[in-house]
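Let me begin by presenting the structure, written as structure tokens, before commenting on it.
The values are calculated or read from the model by the stated rules, or taken from the named source; none is laboratory data. These figures come from a predicted structure and were not determined experimentally. Note: ideal-geometry Cβ built from the backbone for every residue, glycine included; neighbour counts use all protein chains shown.
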Amino acid sequence: MKRRHFLLSPLAAGTLASRAAPVTAATGFRAGFAEADITPEIGMEQPGGYGKAYHKSFHDPCKVRAAVFEGSGRTVALISLDALTAPHYLVNEARRRLAAECGLAPEAILIGATHSHSSGPIGMIRPGDYDHAPPLVQKLAYEHSTIDNPRYVGRVLDQMVAAVSQARKTAAPARAAAGFGYESQVAFNRRLRMKNGLTWSHPGQGNPDIVGYAGPVDPQVGVVGAWDASGRLTGCIVNYACHATTNPGGISANWIYYLEQMIRGAFGQQVVVLFFPGACGDVTQVDNLSPYARPSGEQWARLVGGRVGAEAVKVLLSATPGELLPVNYRQKVWKIARRKPAPEKVQRAYALVQQDPKQVGETEWIFAKETVLLDALLKVSPEAEVEVQAIQLGPAVFLTNPAELFCQLGLEIKARSRFPFTFPVELANGCVGYVPTEEAFGPNGGGYETRLTSYSNLEITAGRQIVEAAVELAGQLEPGPVPEPPKAPPFKAPWSYGNVPPEIS
């Protein structure tokens, strides 16, 4: 059933927050939340593209947000980074430190990136990745591509450990709830069928050759909230399938900033808001079939964050908190082969990258550079490590993958999971680039996401493998009960004011 959508005014939000009922503290379930600042400096690189870009202004802070849940003799930690991706080396080092300093099992730690395209310099090429390659390739990698900043990465690691340590230190008896909202007006599939039989990414508004959308969207807004003994919301987790590419101007958490503002406006500034993107490798805020001019980045960020946040608020207001038990986790790690560019393509790419991009065309040059980088990458890393993880909180399960996973694959994970609340989380515990459906590689496929680059290159069955692994892990866990409201008292008598026939005179 379709539900109405609304934005809360500050006055209305305050009224709703003041009416929150106290919640009796739980004894077997504990939760703790914390956040720390990871705002990059002006002048640092801005990730999200295949070339160099630099931050010139500030809009809002970037953060690391942490949630720790304890129960059933187990502890799990969920970490949300305002970052483009969470690369494997960062995840591995963070888990090592958190195991040593906080006593957490590495496989019980979920580290996910919000995929903010307006965040700090982390998540693309790491210094040293191409030191094995010839000078030309090193120049393309280090001087013409986005590079991780080691000093910034070190700060992110420190702040991750600090946030999780604080969340664990302050964990207290809590009640929690999971639920779904519905938001269908701000996310759209960016791949469209064309009259020529192929699929294009962002073919452009008003293009007369568009036939229709090539894939679905996922309008569910997944929410988990936790309340303390006084009934105060202390933290929540939101899961929604849409790229964080609104770019409101300058350094920013992207539309996630306004998601946080909406929830805090309703429940108070103490609420720590974690965001994990759903399967949205082919879903953004851009509607290529809209006849109207696109809003500014600021307007777009407010619109997406505000509407998703409003849905989260409605879910939290309607929640019946209880103990989300059991707390549990599973993990599967394996290797997937990378696709290889044809020798002729590599040879042609080497010739192109030695020419002026303005002469051969910027797009042709960029993807020739990517072919050269992939060719060098394959010499030392012909396979990519892939991790799928399940983090359980009673009737809810977070099923992670390190890809920009197509929405159709996320919907399949949800459909095949036996959990009442299943939250696919992409770009978690590593990054392996775009992972489309196999159909996208067929005769009617195509588009930006299927391009072969140093970022996106897994074999075409990767999506199927990820889905099967996620469903397998969810199947190893037993869903806990969904908290329910108290039952109504037994019937005694009708309302004496109303149990009368009509009175005409």
Practice prompt. Could you list, in sequence order, all residues of segment 223-242 that are of a type in the set (Ser, Thr, Tyr) and within 25 Å of Cys280 (Cβ to Cβ)?
Written response: Tyr240
Discussion item. If I filter segment 284-294 for residues that are out of contact with any Lys or Arg (no Cβ under 8 Å at 6 or more places or on another chain), free of Cβ contacts under 8 Å to residues at least 40 places away in the same chain, aromatic (Phe, Trp, Tyr) and under 30 Å from Gly445 (Cβ atoms), do I get at least one hit?
Written reply: yes
Worksheet entry | Number of positions in segment 238-255 that are farther than 22 Å from Gly268 by Cβ and assigned to a loop (DSSP other than H, G, I, E, B) | 11
Practice prompt. Just give me the residues in segment 450-460 being in a loop (DSSP other than H, G, I, E, B) and among the polar types (S, T, N, Q), in sequence order.
Written response: Thr453, Ser454, Ser456, Asn457
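Let's see how each residue does on (1) surrounded by fewer than 24 Cβ atoms within 10 Å (Cβ to Cβ); (2) assigned by TED's automatic domain parsing to the domain that holds Arg302; (3) assigned to a helix (DSSP H, G or I):
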| site | (1), (2), (3) |
| --- | --- |
| Phe180 | yes, yes, no |
| Asn196 | yes, yes, no |
| Pro208 | yes, yes, no |
| Pro216 | yes, yes, no |
| Gly222 | no, yes, no |
| Gly225 | no, yes, no |
| Cys236 | no, yes, no |
| Ala266 | no, yes, yes |
Fill in: Among residues of segment 300-348, those that are of a type in the set (Gly, Ala, Ser), surrounded by fewer than 19 Cβ atoms within 10 Å (Cβ to Cβ) and either part of a loop (DSSP other than H, G, I, E, B) or at pLDDT below 95 (or both), counted
1
Discussion item. Restricting to segment 377-417, count the residues that are in contact with a helix residue (DSSP H, G or I) (Cβ under 7 Å, 6 or more places away or on another chain), surrounded by fewer than 24 Cβ atoms within 10 Å (Cβ to Cβ) and either assigned by TED's automatic domain parsing to the domain that holds Ala105 or within 30 Å of Pro321 (Cα to Cα) (or both).
Written reply: 3
Discussion item. I'd like the residue in segment 375-411 that is closer than 30 Å to Asp131 by Cβ and in a strand (DSSP E or B) and, out of all such residues, is farthest from the chain's Cα centre (by Cα).
Written reply: Glu383
Worksheet, complete the sentence: Apart from one, (1) of a type outside the set (A, V, I, L, M); (2) outside any loop (DSSP other than H, G, I, E, B); (3) over 22 Å from the mean Cα position of the chain (by Cα) all hold for Gly463; the odd one out is (3)
Item to complete: Determine which single condition Phe423 fails, assuming it passes every other condition in (1) among the aromatic types (Phe, Trp, Tyr); (2) closer than 21 Å to Val68 by Cβ; (3) more than 15 Å from the chain's Cα centre (by Cα).
Response: (3)
Discussion item. So, Ala214, is that one over 30 Å from Gly268 (Cβ atoms) and at pLDDT 95 or above or not?
Written reply: yes
Fill in: Near pairs, Cβ below 8 angstrom, 6+ apart or cross-chain, from segment 441-455 (hydrophobic (A, V, I, L, M, F, W, C)) to any residue that is in a helix (DSSP H, G or I) and surrounded by 16 or more Cβ atoms within 10 Å (Cβ to Cβ)
Phe441/Thr450; Leu452/Glu370; Leu452/Thr371; Leu452/Leu374
Practice prompt. State whether one or more residues within segment 27-43 are at pLDDT below 95 and part of a loop (DSSP other than H, G, I, E, B).
Written response: yes
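To keep it simple, each residue is scored yes or no on (1) small (Gly, Ala, Ser); (2) in contact with a Lys or Arg (Cβ under 6 Å, 6 or more places away or on another chain).
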| site | (1), (2) |
| --- | --- |
| Ala403 | yes, no |
| Gln476 | no, yes |
| Pro481 | no, no |
| Asn499 | no, no |
Discussion item. Being touching a Pro at 6+ places or on another chain (Cβ under 7 Å) and hydrophobic (A, V, I, L, M, F, W, C) is the filter here; which residues of segment 337-374 pass it?
Written reply: Ala337, Trp365, Leu374
